[in-house]
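Okay, structure first, notes after.
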Amino acid sequence: MTTAPEPTCNACGCELIWSGATWSTEHYRCPQCGTEKVTRVLRFDPNPRDTVILSILWKDRRPSAPEVEALRSFWPEFQNQSVDELMSRFAVTEEIEIGEMAWLTAEPLVKRAWELGIWASYY
Ligand SMILES: [Zn+2]
């Protein structure tokens, strides 16, 4: 079995050290300058007809204003609440469940969320 090479630092080119993972992300840190890098991973291969739970993980384990703003543009249900309201609503939640849906629906939503800077995934 071969191991993929560790990613390198965008800032200084150093080899990054693995620093942790969630079910949807892998986290790396540069030993030289401290730059962090996060990559999205898919840990299972769902059947296209499977139902999955779409969820969001806050980058700093709590919501930031840019993330909440992106979430509002991404998911219509949140548009009738202000950024401040949503920030306090999610203040103590590292991860929020958006809802249950078909994998075929969830996959493009997750891609769109990552384009907006939100760590979305499903399980
Ligand atoms: Zn570095």
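Nothing in this text is a laboratory measurement; each read-out follows from the coordinates by a stated rule. This is a predicted model, so every value here is computed, not measured. Cβ atoms come from the backbone with ideal geometry, glycine included; neighbour counts cover every protein chain shown.
Evaluating 6.51 cos²θ - 1.76 cosθ + 1.60 at θ = phi - 60° for every residue in the range 25-34, the Karplus couplings come out as 9, 10, 10, 10, 9, 7, x, 8, 10, x Hz, glycine and proline recorded as x. Counting only alpha carbon atoms, the long axis of helix 65-74 and the longest principal axis of the chain meet at about 60°.
Computed extension length for Thr25-Arg49: 6.3 nm, one decimal, from 0.36 nm per residue of separation with the Cα-Cα distance subtracted.
For Ile98, which sequence-distant residues (separation of 5 or more, or a different chain) have an amide H within less than 5 Å of its own amide H, given hydrogens modelled in the peptide plane? For Ile98, whose amide H was placed from the backbone, the distant partners under 5 Å are Leu54, Ser55, Ile56. Other residues with beta-carbon under 14 Å from the beta-carbon of Phe90 carry, at +1 per Lys or Arg and -1 per Asp or Glu, a net charge of -4. Taking the helices alone, the chain has a mean residue ellipticity at 222 nm of -7000 deg cm²/dmol, built from -39,500 (n - 2.57) per DSSP H run of at least 4 residues and averaged over all its residues. Roughly how tilted is helix 103-115, in degrees to the nearest 10 and between 0 and 90, from the longest Cα axis of the chain? Between the helix axis and the principal axis of the chain, the angle is about 70 degrees. Taking the empirical scaling 2.2 N^0.38 Å for compact globular proteins as reference, the range 51-122 has a Cα radius of gyration ratio of 1.02.
If the chain linking Cys14 and Thr39 were pulled fully straight, counting 0.36 nm for each residue of separation and taking away their Cα-Cα distance, it would gain 7.3 nm. Coordinate range of the alpha-carbon atoms in the chain per principal axis, descending: 45, 37, 22 Å.
The stretch between Leu116 and Asp60, if pulled fully straight at 0.36 nm per residue, gains 18.5 nm over its current Cα-Cα span. Applying a DSSP loop filter and a limit of 14 other Cβ atoms within 10 Å to the GluC sites (Glu not before Pro) in the range 62-109 leaves Glu94.
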